[in-house]
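In what follows, a single structure is set out as structure tokens and then discussed.
The values are calculated or read from the model by the stated rules, or taken from the named source; none is laboratory data. Keep in mind the model is a prediction, meaning the values are calculated, not measured. Note that we place each Cβ from the backbone using ideal geometry, even for glycine, and neighbour counts take in every protein chain shown.
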Amino acid sequence: MSTDRRGWYAVSLSSGVPPGTANGTHLFDEEIVVWRDTNGAPHVWADRCPHRGMRLSFGFVRSDHLACLYHGWQYGSDGRCLHIPAHPGLRPPESIAVWRHSTHEALGLVFVHFGEVEETPALPAGMVGREFIPVRSIHVACPADRLADRFAALAITSFDRRLEGGIFALAATQSVIAGAVEKDGIGETLVGAVQPIGANRSALHLVVAGNGISCRGAPQRHFSRTIERLRDGIESGSLPMTGPIAPLH
Amino acid sequence: MIRTTDRTALDQWYCIDDLDDIGSAPRRTHLLGQEIVVRRDADGAVRVNEIATDGSVGAASPVEKRYGYAWTTLGAPARDILAIPESHEPDRKSVKCGAVTVHASGLRIVENFLDMAHFPYVHAEILGSERDPEVRHYHAEIRREVDEVWATGCKFFQPQASAAATGGVMVDYAYRVASPFVVLLYKTCVVAADRSDVICLFVQPMDEDLCRAHPVMFLIDDAAPQATLIQFQQLIFLQDRIILENQRPRLLPLEPRAEIPTRADISSVAYRRWLKEKGLLFGTAEGAREL
């Protein structure tokens with residue numbers, strides 16, 4: 001996985017940011033806020049109110065506005081300040097705006113690209129009409145490229161038999177790894193997306209692109225336990241740093 | 001931590017400990033990046049010494065006792081510790097509220113103390129309410145003759161202005177910044193309309209982005225028990241700490257375009273300008289860039 005700042009990266013499971021909520025996270029050490037308005041649209045912004053620097057992830061969502069916890073300044077979905085409660089009659093100058101990043105939701109994941117770009121992320125084929133079932137997000141104390149490499153190695157040995165798509169290259173990055181999984185004769189696609197948090201910290205967001213109810217419950221728990229073991233193995237050094245990984249079942 | 005070389009910061013008096021907490025056992029703390037030790041010697045005198053880089057007890061620092069606290073300096077202050085005439089009035093209760101450690105620049109804490117616009121959000125239904133979040137016009141100035149920053153004519157609607165308040169009132173405030181890390185407010189007293197409660201915040205800058213705040217109040221309030229008054233003030237400071245530790249950068253930017261103020265922030269604008277005129281670097285974003 002190349003770790004180019006100018007690429008699309010998943011920063012949350014879709015289910016991790018329900019309507020009306022905001023969460024703080026990091027991408028390449030930059031603080032970002034991932035929030036969803038009450039109409040269901042996700043937004044990813046710099047996690048900093050331009051007024052006094054407060055992290056907006058501590059703020060609150062009112063309809064399609066994100067409000068800062070410190071002074072209640074409200075920002076619309078275009079990032080512009082719409083309301084300053086201390087001066088109810090004042091129309092805020094257009095220059096007051098939060099730095100926004102391009103946001104795209106797909107595969108049960110929220111993707112972000114720093115700055116504002118025209119293109120949307122290239123995604124694995126065959127995902128139309130699938131139901132995306134969240135497994136979990138894990139944080140691992142290792143660089144993103146190692147997490148992507150180790151997850152791909154693990155996916156081949158532990159989750160299945162055939163990684164149909166192999167490692168899927170996503171735009172300039174290779175942050176999404178999708179593969180077909182077969183369990184007890186039922187096929188589904190496992191999607192793992194790697195988020196570079198900092199030099200030695202990354203996250204893996206795991207979803208199953210399923211065929212109905214078959215992968216809820218026990219399969220979710222199975223995948224969840226397996227990537228926990230992956231994290232523990234990487235952090236303790238008990239997994240090989242390169243090459244194949246023996247099944248972690 | 002590294003002791004600062006910022007002359008403006010060094011040449012100030014700082015509150016470093018509650019006198020009631022200082023005993024014969026040495027208490028280690030930091031001031032401007034310098035580790036210091038505070039203790040009482042056999043005859044009861046308070047001593048402050050620097051701790052040398054090898055861990056040995058080094059040079060003695062001057063000690064003053066004011067307002068129930070020990071004060072010291074690592075430099076040569078041109079001015080005495082601030083005067084608070086109200087503190088000597090016989091019917092006032094002095095309430096020390098305990099030290100609060102905050103992982104932020106002490107300057108951010110002073111600025112937050114000057115700020116009324118956050119009351120409805122950070123101290124919701126106590127010091128402010130979303131029903132009336134307006135900051136009405138007030139006056140802010142650098143008073144050259146005393147070299148202090150003042151904000152006067154401040155008014156704010158408060159649902160529960162103090163431990164003694166029983167309902168919402170429009171409260172009158174005046175603010176006074178006596179030195180870069182020392183700030184006071186004078187607030188309508190709910191039990192004596194013609195006088196003000198005085199609430200002081202003595203900030204001990206331990207490092208650029210770490211400090212201890214020592215809040216003390218001089219109140220005209222004969223009803224509320226001491227514990228209730230302290231609890232009220234501690235609740236307020238703990239609510240503020242959530243904000244202060246999550247402002248970015250942690251250090252205070254003095255460059256006017258780094259953050260966007262509005263009319264409610266004229267006291268903060270005056271404070272930042274005054275700090276810049278003094279050439280203060282410790283705890284500022286500009287100072288960190290120079291390092």
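Within region B:19-33, if we keep just the residues that are assigned to a loop (DSSP other than H, G, I, E, B) and of a type in the set (A, V, I, L, M), the residue that is surrounded by the most Cβ atoms within 10 Å (Cβ to Cβ) turns out to be B:32.
Yes/no per residue for (1) without any contact (Cβ under 8 Å) to a residue 24 or more places away in the chain; (2) assigned to a helix (DSSP H, G or I); (3) within 14 Å of chain A (Cβ to nearest Cβ):
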residue: B:238; (1), (2), (3): no, yes, no
residue: B:266; (1), (2), (3): no, yes, yes
residue: B:273; (1), (2), (3): no, yes, no
residue: B:276; (1), (2), (3): yes, yes, no
residue: B:287; (1), (2), (3): no, yes, no
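Is there a residue in region B:190-203 that is in contact with a Cys (Cβ under 7 Å, 6 or more places away or on another chain) and either within 14 Å of chain A (Cβ to nearest Cβ) or among the basic types (Lys, Arg) (or both)? Yes, there is a match, as at least one residue in region B:190-203 is in contact with a Cys (Cβ under 7 Å, 6 or more places away or on another chain) and either within 14 Å of chain A (Cβ to nearest Cβ) or among the basic types (Lys, Arg) (or both).
Residues in region B:98-114 that are part of a loop (DSSP other than H, G, I, E, B) and within 13 Å of another protein chain (Cβ to nearest Cβ) were compared, and the one that is nearest to residue B:199 (Cα to Cα) is B:114.
Check region B:75-93 and report whether any residue there is assigned to a helix (DSSP H, G or I), in the same structural domain as residue B:189 (by TED's automatic domain parsing) and under 21 Å from residue B:3 (Cβ atoms). There is no residue in region B:75-93 that is assigned to a helix (DSSP H, G or I), in the same structural domain as residue B:189 (by TED's automatic domain parsing) and under 21 Å from residue B:3 (Cβ atoms). Looking across region A:211-248, just one residue is surrounded by 14 or more Cβ atoms within 10 Å (Cβ to Cβ), modelled with pLDDT of 85 or more and more than 18 Å from residue A:136 (Cα to Cα), and that is A:239. Taking every residue in region A:131-151 that is in the same structural domain as residue A:220 (by TED's automatic domain parsing) and under 11 Å from residue A:196 (Cβ atoms) and pairing it with any residue that is at pLDDT below 90 and surrounded by 18 or more Cβ atoms within 10 Å (Cβ to Cβ), at least 6 positions away or on another chain, the pairs with Cβ-Cβ distances below 6 Å are A:144/A:3; A:145/A:1; A:145/A:3; A:148/A:1.
Yes/no per residue for (1) small (Gly, Ala, Ser); (2) within 24 Å of residue B:123 (Cα to Cα); (3) surrounded by 21 or more Cβ atoms within 10 Å (Cβ to Cβ):
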{"site": "A:75", "(1), (2), (3)": "no, yes, yes"}
{"site": "A:86", "(1), (2), (3)": "yes, yes, yes"}
{"site": "A:89", "(1), (2), (3)": "yes, yes, no"}
{"site": "A:95", "(1), (2), (3)": "yes, no, no"}
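On the basis of being out of contact with any strand residue (DSSP E or B) (no Cβ under 6 Å at 6 or more places or on another chain), acidic (Asp, Glu) and in contact (Cβ under 8 Å) with a residue 12 or more places away in the chain, does residue A:29 make the cut? Judged against the criteria, residue A:29 is not a match.
Of all the listed residues (B:117, B:151), the sole one being in contact (Cβ under 8 Å) with a residue 40 or more places away in the chain, in a loop (DSSP other than H, G, I, E, B) and within 27 Å of residue B:275 (Cβ to Cβ) is B:117. Taking region A:27-48 as the range and being more than 11 Å from chain B (Cβ to nearest Cβ) and acidic (Asp, Glu) as the test, the residues that pass are A:29, A:37. For the criterion of being assigned by TED's automatic domain parsing to the domain that holds residue B:122 and either modelled with pLDDT of 90 or more or farther than 15 Å from residue B:163 by Cβ (or both), residue B:213 passes. Reported count of residues in region A:84-96, each being closer than 20 Å to residue A:55 by Cα and either in contact with an Asp or Glu (Cβ under 8 Å, 6 or more places away or on another chain) or more than 10 Å from every other protein chain (Cβ to nearest Cβ) (or both), is 2.
Exactly one residue among B:2, B:16, B:36 is modelled with pLDDT under 95 and either of a type in the set (Val, Ile, Thr) or buried (at least 16 other Cβ atoms within 10 Å of the Cβ) (or both), and that residue is B:2.
Taken over region A:131-167, the criterion of being modelled with pLDDT of 85 or more and aromatic (Phe, Trp, Tyr) is satisfied by A:132, A:151. Just one of the numbered conditions (1) touching a strand residue (DSSP E or B) at 6+ places or on another chain (Cβ under 7 Å); (2) within 13 Å of chain B (Cβ to nearest Cβ); (3) surrounded by 17 or more Cβ atoms within 10 Å (Cβ to Cβ); (4) more than 26 Å from residue B:105 (Cβ to Cβ) is not true of residue A:65: (2). Per the conditions (1) assigned to a loop (DSSP other than H, G, I, E, B); (2) away from chain B (no Cβ under 14 Å); (3) modelled with pLDDT of 95 or more, the sole criterion not satisfied by residue A:116 is (3).
Residues that are crowded, with 17+ Cβ neighbours inside 10 Å and either farther than 23 Å from residue B:272 by Cα or more than 17 Å from the chain's Cα centre (by Cα) (or both) within region B:94-108 comprise B:95, B:96, B:97, B:99, B:100, listed in sequence order. In this structure, residue B:234 qualifies as surrounded by 14 or more Cβ atoms within 10 Å (Cβ to Cβ), at pLDDT below 95, over 28 Å from residue A:83 (Cβ atoms) and touching a strand residue (DSSP E or B) at 6+ places or on another chain (Cβ under 9 Å).
Suppose we filter region B:81-93 for residues that are exposed (fewer than 13 other Cβ atoms within 10 Å of the Cβ) and within 17 Å of the chain's Cα centre (by Cα); how many remain?
Counting residues in region B:81-93 that are exposed (fewer than 13 other Cβ atoms within 10 Å of the Cβ) and within 17 Å of the chain's Cα centre (by Cα) gives 1.
With the condition being at pLDDT 95 or above, I'd like the strands (runs of 3 or more DSSP E) fully within region A:1-89 carrying at least 3 qualifying residues. The strands (runs of 3 or more DSSP E) meeting that bar are A:9-13, A:22-27, A:30-36, A:42-46, A:65-67, A:81-83.
Residues being assigned to a strand (DSSP E or B), under 11 Å from the mean Cα position of the chain (by Cα) and under 16 Å from residue B:13 (Cα atoms): count how many of those fall in region B:154-207. Full working, then the answer.
The first filter runs over region B:154-207 and keeps only residues assigned to a strand (DSSP E or B), leaving B:154-158, B:169-179, B:182-189, B:192-207.
If we keep only those that are under 11 Å from the mean Cα position of the chain (by Cα) too, we end up with B:176-179, B:182-185, B:199-205.
If we keep only those that are under 16 Å from residue B:13 (Cα atoms) as well, we get B:177-179, B:182-184, B:200-205.
Counting residues in region B:154-207 that are assigned to a strand (DSSP E or B), under 11 Å from the mean Cα position of the chain (by Cα) and under 16 Å from residue B:13 (Cα atoms) gives 12.
For region A:27-43, what are the residues that are buried (at least 16 other Cβ atoms within 10 Å of the Cβ) and closer than 17 Å to residue A:98 by Cβ? Those that are buried (at least 16 other Cβ atoms within 10 Å of the Cβ) and closer than 17 Å to residue A:98 by Cβ: A:27, A:30, A:31, A:32, A:33, A:34, A:35, A:36, A:37, A:42, A:43.
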